Amino acid sequence: MRAYSATDIRNVAVVGHGASGKTTLVDALSFVSGTSKRHGSIKEGTTLTDHTPEEIERGYSISLGCAYAEWMDTKINLIDTPGYLDFHGDAIAGIAAADGAICVVSAQSGVEVGTEKVFKEAVSRGDPLLFVVSLMDKEHADFDRVYQQVKERLTNKVVPVEIPIGAGATFRGVINLFTRRAYLYTPGARSGEYTEADIPAESKASFDKYYQELIEAISATDDSMLERYLEGAEIGRDEAIHGMKEAMKRMDLFPLFAVSAEYVIGIQAMLTELVQLMPSAFEMEELHAFMGAEGDHTVEIHAVDSNPFAALVFKTISEPHVGEVSYFRVFSGTVNTGQDVFNATRDGVEKMGHLCVAQGKERIEIPALYAGDIGCVAKLKNTHTNDTLSTREHPVRLPQISFPEPVVHFAVHAASRNDEEKLQQGLHRLHDEDPTFETHYNAETHETIIAGLGERHLDVSLAKLRRKYNVAAELTKPRIAYRETIMGRGDGQGRHKKQSGGRGQFGDCWIRMAPRPRGAGYAFVDKIVGGVIPSGFRPAVDKGIQEAAARGILAGYPLVDFEVELFDGSYHSVDSNEMSFKMAGILGFRAVAPKCKPILLEPLDHVEITTPDHYLGDVMGNLSGRRGQILGSETPDAGVTTVKALVPQAELHLYATDLSSLTHGHAVYRRRFHGYEQMPAEAAQRVINESAKQKKEEEVEA
C-alpha cells in the first residue's frame, strides 16, 4: 500500500452501544472502498474486526479492532470499539487514538446507555463527531424517532445531512442534503451500486423540512453565511460542506446519516463524507507531552513528518505463536522498520522489527509509518499499553489514556493445583492486554483476586485464559479480611511447663492487655523489674503474643489495636529458654484476651454513586439494605446526584451488577478503602458461626 502523510489521513473511532451495528459498518466501509475483499457477517463470524474465538462465539466485540479504507486518495483508519460497558476501556482507548468519532445508533433501539457514555467520552476530548443511524433495513427502523432521541438525550446540535428513502424492508436509498440528489441502490448489489436520481415525490416534503434545518444550522455557525442566507442568497454545496466541517471542529454541529451496512446502502456516501468532514491528522490541535526525567515541563507535539518521532501505544494484544502485538498512534515524526526507538515511559530501547498496518486480523508489512498514522509491531521486549515511544535524543511522554477502575471483584483459583504458576502468568498477561482487568494477591485472605468492569468482562477473561494459556480457573466470592480487637482490660498468667526426661521446658509470664485507638496497631511494654524474667527471654514472650494474636480469638482473624504489658513472671535456670517463653506468651494471650471483651471489626469502603435523579430513591434504599451509612450528597449536573456512603465490604460483592440493573446502566460508582469499624452483634455472630463451621469441616477432612 502507498504511504500517506498526515494531511491525507483520517483517524476515526466507531463507537456506540452494543449490537448497534458498529462492526458491520466498519466491515462495509472497508469492503466498499476495496481494501477488504470480503463483506463479512456477524452471524457467520466473518466480520473484519471481530475475529477472536470469544467474539465469534458470542457475536459481539470484546476488544477494539483496527481496519482501514482508502477513498479519494485518503487513508481512513477505522477503530472498531466494543459497545458493552464491560469492555468500555477499549472504547476509551479507541477514542483516545482517533481524531474524530462515528457514533452509531440503531434505527431499532435508538439511543441507549452505551450511546450516552461514548458520546460523552468523545465530547470530553473535543473530538468532532458524526452520528450514523444504522440498521435502517431492519424491522421497526425509524429514522425520525432516533433523530429526536439524539436531539433530546445527547445534543440539540445534531442535524441530518442524509435522510433515508423508506425504512425496514422498503429502505432503498438515501437523499444527500448537500447535493440535493437521491441515491437509489440496486437490489442485490454487493458493493453498494446505486443510481443517482431526482428526489422521489413521496420524499419531497421530508427533504424540504430537513434541508431547511441543515442550511439554517450551518448558517447559524458563521456570521457572513448567516447574513447571506437571511438575504435569500443560495448556500452552495462546497460552502455548506466547508461550513459544516468548521462547525464540527468547534463542536457546534453534529451531522446525522442513515445507512444499512449489511446491504451497503449509503456506505459510499459515508466514505466521501468522512474524507470531506472529518479533520485530517495534521489539522488536529497539538498535544502537550512531558519532557525531562521528572516531567517538569512540556513540549508541543505536531503531526509533522520532519519532527522528532513520538507515538503512544493504545492497545496490546497477545497472540499465540507471535507474542505481544503493540498498536500505536504516531503523533509526530516518522518511524522505519528496523529502527531503534526509546520507550520514555520505561527508560528502555526497543527495535521496531516489522512495522505493519492492521486490516482486522491481517497485518500488512510496510517500510515506514508517518505522522498521524496508526500501525502495529510485534515482539517489543518491555512495552505496554499507555507507553510512549520516542527517540533517545528527544524523549517525551505523551498524556496517558485514563482507563475506568474495575468494579467487580472475584477470588480466582486454578482448577488444578499444578496450574497455579501458569494461572499467575496468564493473569498478568491478561492485564498487559487489558488495563481494566486487574489482579493481585491478598496476603490476609491468601487469595488471588481479579477485578474487571463487569461479570461478562471476567467471564470473557477466563475464556481467554483457557484458550491462550491452557489454564482452567474457577471464581468464588472473595473472603473478607475481618479483624478482631478488644474493648476491655484484663490480666493473667501464661505458664508453660514440660518435663519429659532430661532437660525440660519452663516459661512463666504475667501480662496485662488493654485496647488502643483504632488504627494504632500493637504495642508491647516491658515492665519487668528485678530480673524475674531475664532480658533475653522477654522478646520471646512478645513473639508468642503476636503469633497468637494473628490467629484471633473469636473467628480466627488477626487481633489488632491492643497493648500488652509484661509485668511479672519466673524462670528456671536450667529448663527455661526462648521457646518456653514464646509458648508462655501464647498461653498468656489465650488466657487473657477472652476476658477483654473481644469484638469483630469489618472493613468499610467509601462509596460514591452518581445516578440520574429518577433512580435516586431506589439507589438510597438499596444502600440502606446493605447497611450503608449515608454521608451526604451533591449535584454535579442538573438531574444527576452523587451519593456518598460508607458500606461494609461484605455487602458490596456484585454491587456493580445490582446498581446497573437498578438504574438500567445509567449510574456509575467508585469505591476506595475507608477503614475498620465494629461489626453489629448479629452480623458478627454469623461470621463467627461460619468460621466455626468451616474449622470443624477442615478438622473432619484432616
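The values are calculated or read from the model by the stated rules, or taken from the named source; none is laboratory data. Everything quoted here is computed from the prediction, not taken from an experiment. Positions of Cβ are generated from backbone atoms using ideal geometry, with glycine treated the same way; all protein chains shown enter the neighbour counts.
Mind counting the residues in region 575-590 that are surrounded by fewer than 17 Cβ atoms within 10 Å (Cβ to Cβ) and of a type in the set (A, V, I, L, M)? Qualifying residue count for the region: 1. For D222, are the conditions met, namely being more than 23 Å from R10 (Cα to Cα) and surrounded by 18 or more Cβ atoms within 10 Å (Cβ to Cβ)? Considered against the rule, which asks whether it is more than 23 Å from R10 (Cα to Cα) and surrounded by 18 or more Cβ atoms within 10 Å (Cβ to Cβ), D222 comes out as yes.
Here's the yes/no breakdown for (1) touching a Cys at 6+ places or on another chain (Cβ under 7 Å); (2) outside the structural domain of L587 (by TED's automatic domain parsing); (3) modelled with pLDDT under 95; (4) surrounded by 20 or more Cβ atoms within 10 Å (Cβ to Cβ):
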site	(1), (2), (3), (4)
V529	no, no, yes, no
P539	no, no, no, no
G544	no, no, no, yes
E547	no, no, no, no
Y557	no, no, no, yes
S573	no, no, yes, no
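Annotation: of all residues in region 274-322 being of a type in the set (D, E) and touching a strand residue (DSSP E or B) at 6+ places or on another chain (Cβ under 7 Å), the one that is modelled with the highest pLDDT is E300.
Checked against the criterion of being surrounded by 17 or more Cβ atoms within 10 Å (Cβ to Cβ) and of a type in the set (S, T, N, Q), region 287-308 has no qualifying residue. Residue count for region 145-202 under the criterion of being surrounded by fewer than 12 Cβ atoms within 10 Å (Cβ to Cβ) and part of a helix (DSSP H, G or I): the result is 5.
For region 377-446, the strands (runs of 3 or more DSSP E) that sit wholly inside it and include 1 or more residues that are modelled with pLDDT of 95 or more and more than 30 Å from T337 (Cα to Cα) are 408-414, 438-442. Given the conditions (1) farther than 22 Å from A3 by Cβ; (2) more than 23 Å from the chain's Cα centre (by Cα), and given that T388 satisfies all but one, which numbered condition is not satisfied? Here T388 meets the rest and fails (2). Based on this model, can you work out whether K75 counts as within 24 Å of H664 (Cα to Cα) and at pLDDT 95 or above? Against the criterion (within 24 Å of H664 (Cα to Cα) and at pLDDT 95 or above), K75 does not qualify.
Residues in region 295-318 that are without any contact (Cβ under 8 Å) to a residue 24 or more places away in the chain and of a type in the set (D, E): D296, E300. Within the set A415, A411, the sole residue that is over 16 Å from F328 (Cα atoms), surrounded by fewer than 14 Cβ atoms within 10 Å (Cβ to Cβ) and either in contact with a strand residue (DSSP E or B) (Cβ under 7 Å, 6 or more places away or on another chain) or β-branched (V, I, T) (or both) turns out to be A415. Would you say S109 is polar (S, T, N, Q), more than 25 Å from Q268 (Cβ to Cβ), at pLDDT 95 or above and in the same structural domain as K157 (by TED's automatic domain parsing)? Spelling it out, S109 is indeed polar (S, T, N, Q), more than 25 Å from Q268 (Cβ to Cβ), at pLDDT 95 or above and in the same structural domain as K157 (by TED's automatic domain parsing). Restricting attention to region 591-634, which residues are under 26 Å from the mean Cα position of the chain (by Cα), surrounded by fewer than 13 Cβ atoms within 10 Å (Cβ to Cβ) and either part of a strand (DSSP E or B) or hydrophobic (A, V, I, L, M, F, W, C) (or both)? Answer for region 591-634, where residues must be under 26 Å from the mean Cα position of the chain (by Cα), surrounded by fewer than 13 Cβ atoms within 10 Å (Cβ to Cβ) and either part of a strand (DSSP E or B) or hydrophobic (A, V, I, L, M, F, W, C) (or both): just E634.
Residue by residue, here is whether (1) in a loop (DSSP other than H, G, I, E, B); (2) touching a His at 6+ places or on another chain (Cβ under 8 Å); (3) surrounded by fewer than 21 Cβ atoms within 10 Å (Cβ to Cβ) holds:
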site	(1), (2), (3)
I79	no, no, no
F87	no, yes, no
I95	no, no, no
G126	yes, no, yes
V132	no, no, no
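Within region 674-702, the set of residues being outside any helix (DSSP H, G or I) and surrounded by 11 or more Cβ atoms within 10 Å (Cβ to Cβ) comprises H674, G675, Y676, E677, Q678, M679, P680. Within region 39-77, the set of residues being surrounded by 22 or more Cβ atoms within 10 Å (Cβ to Cβ), in a strand (DSSP E or B) and not small (G, A, S) comprises C66, Y68, K75, I76, N77. Among the numbered conditions (1) among the basic types (K, R); (2) farther than 30 Å from A638 by Cα; (3) in contact (Cβ under 8 Å) with a residue 40 or more places away in the chain, the only one that K157 does not meet is (2).
Check region 115-134 and report whether any residue there is over 25 Å from T611 (Cα atoms) and of a type in the set (V, I, T). Yes, region 115-134 has at least one match. Of everything listed in (1) touching a residue at least 24 places away in the same chain (Cβ under 8 Å); (2) touching a strand residue (DSSP E or B) at 6+ places or on another chain (Cβ under 7 Å); (3) loosely packed, with under 15 Cβ neighbours inside 10 Å, the single unmet condition for L214 is (3).
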